[in-house]
Ligand SMILES: [Mg+2]
């Protein structure tokens with residue numbers, strides 16, 4: 001499953017330049033007026049002077065006397081942010097916001113090429129709607145997607161194909177890995193470890209010496225393996241219904257009957273909350289406790305039990321169980337929009353073939 005990471009380039013500064021073109025091409029900092037003010041965002045023209053976020057403003061002015069300083073307009077940035085997040089969510093994919101201008105978007109069952117195309121389309125939509133450039137990274141791991149988008153700024157798109165993660169990360173500074181702060185980085189440098197590739201090639205013993213119980217995690221991250229899923233924002237959390245069977249179930253008919261019941265439960269829950277859902281997913285725990293998930297993003301939000309069931313059945317069939325024993329079956333709905341849906345309930349042909357008709 002691919003993840004796209006989006007980050008608007010020099011967000012506050014870019015909004016100021018958009019709204020006042022006289023600022024274009026100048027070294028610009030958005031910062032408050034107090035003596036202790038720090039730079040909130042610097043334009044790309046200011047960055048060669050070492051002016052960047054969190055630098056005290058007096059220092060920024062020492063380093064770049066011609067720096068143009070404008071006060072922040074948070075209300076405007078929040079409004080622009082709402083427009084951008086509406087675009088991130090417009091295709092029904094789960095969105096995990098990290099800040100006003102930065103988010104992960106889960107690409108669902110998209111192939112690599114489809115995920116890259118999705119990122120390209122979202123970048124184009126943001127530019128058309130806001131005149132702002134957003135850089136994007138696509139990869140099969142959150143951390144890799146974020147490092148990719150950071151690496152192609154400004155106005156870039158960098159897609160890391162499956163299998164290329166380790167090679168992409170190898171030449172980068174070890175401090176780019178999540179969880180490696182300046183202190184750890186200094187300690188690594190003292191040990192002759194400068195790049196992520198240096199870390200990835202360490203043997204287990206050296207890794208344990210450096211990182212203790214955290215070493216397996218660091219080893220995986222250095223190879224671009226990061227299993228964290230996109231976690232949609234709280235207000236778009238999911239509702240689910242699960243059943244653990246007393247005896248493992250192999251019979252598909254029985255699983256289908258359980259899904260039908262769960263779809264009714266979820267439809268009632270959605271009605272209660274006055275929400276409609278655009279994502280439907282099934283969770284299957286096999287007899288050996290491994291978990292299998294399949295989900296589908298719908299072109300339009302749904303609420304009624306029959307449509308939820310049809311989407312769930314589609315997911316179950318795609319799981320390809322073929323009589324494997326199942327210990328637990330769960331159904332969840334997510335990607336909520338308020339209110340009742342319009343009545344057509346089509347599947348997005350880009351995402352999914354229509355489900356098989358009900359038996
Ligand atoms: Mg940004």
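Any read-out appearing in this document is the output of simple, stated calculations on the displayed coordinates, not a laboratory observation. Note that the structure is predicted; figures quoted are calculated from it, not measured. Don't worry about glycine lacking a Cβ; one is built from the backbone with ideal geometry, like all the others, and counts go over all protein chains shown.
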#### Entry: Modelled FRET efficiency - R0 51 Å, residue 242 with residue 66, Cβ distances, 0.05 increments
0.25
### Message
How much length would be gained if the chain were fully extended between residue 257 and residue 172, taking 0.36 nm per residue of separation minus their Cα-Cα distance, in nm to one decimal?
### Response
25.4 nm
### Task
Would you mind estimating how fast region 237-338 diffuses translationally, via Stokes-Einstein at 25 °C and 0.890 mPa s with the Kirkwood radius over Cα pairs, in µm²/s?
184
### Query
Hey, can you rank 88-101, 158-171 by average C-beta count inside 10 Å, highest first?
88-101, 158-171
### Task
Starting with the fewest neighbours, write out 331, 266 ranked by other beta-carbon atoms found within 10 Å of each beta-carbon.
266, 331
### Summary
By the C-alpha gyration tensor axes a ≥ b ≥ c (rounded if a/c is under 1.5, else prolate when a/b exceeds b/c, else oblate), the shape of region 166-222 is rounded
### Summary
Counting only DSSP beta bridges with both partners in region 1-159, the antiparallel fraction in percent, to the nearest 5, comes to 75
### Task
With a ≥ b ≥ c taken as the square roots of the eigenvalues of the C-alpha gyration tensor of region 1-47, please select rounded if a/c is under 1.5 and otherwise prolate if a/b is larger than b/c or oblate if it is not?
oblate
### Task
Take peptides 4-17, 66-79, 219-232, 103-116 and line them up by average Cβ neighbours within 10 Å, highest first, as a rough protection proxy.
4-17, 103-116, 219-232, 66-79
### Query
Quick one: helix 252-273 against the long Cα principal axis of the chain, what's the angle to the nearest 10°, folded into 0 to 90?
60
### Task
Report the full-extension gain for the segment residue 19 to residue 269: residue separation times 0.36 nm, less the Cα-Cα distance, to one decimal in nm.
85.6 nm
### Query
residue 213 to residue 120: FRET efficiency via 1/(1 + (r/R0)^6), r the Cβ-Cβ distance, R0 41 Å, to the nearest 0.05?
0.50
## Note on the structure
Burial-style ranking of 57-65, 278-286, average other-beta-carbon count within 10 Å with highest first, yields 278-286, 57-65
### Task
Only helical DSSP H runs with n ≥ 4 go in: add -39500 (n - 2.57) per run for the chain, normalise by residue count and round the 222 nm mean residue ellipticity to 500 deg cm²/dmol.
-11000 deg cm²/dmol
### Task
Over every pair of different alpha-carbon atoms in region 174-312, take the mean of 1/r and invert it; report that Kirkwood radius in Å.
18.9
### Message
More than 37 angstrom separation, counting every C-alpha pair in the chain; what % is that?
### Response
32
### Query
In degrees from 0 to 90, rounded to the nearest 10, what is the angle of the helix 305-319 Cα long axis to the longest principal axis of the chain?
80
### Query
What's the extension gain from residue 231 to residue 83 if we count 0.36 nm per residue and subtract their Cα-Cα distance?
51.3 nm
### Message
Helix 112-130 against the longest principal axis of the chain: what's the angle in degrees, Cα atoms only, rounded to the nearest 10?
### Response
60
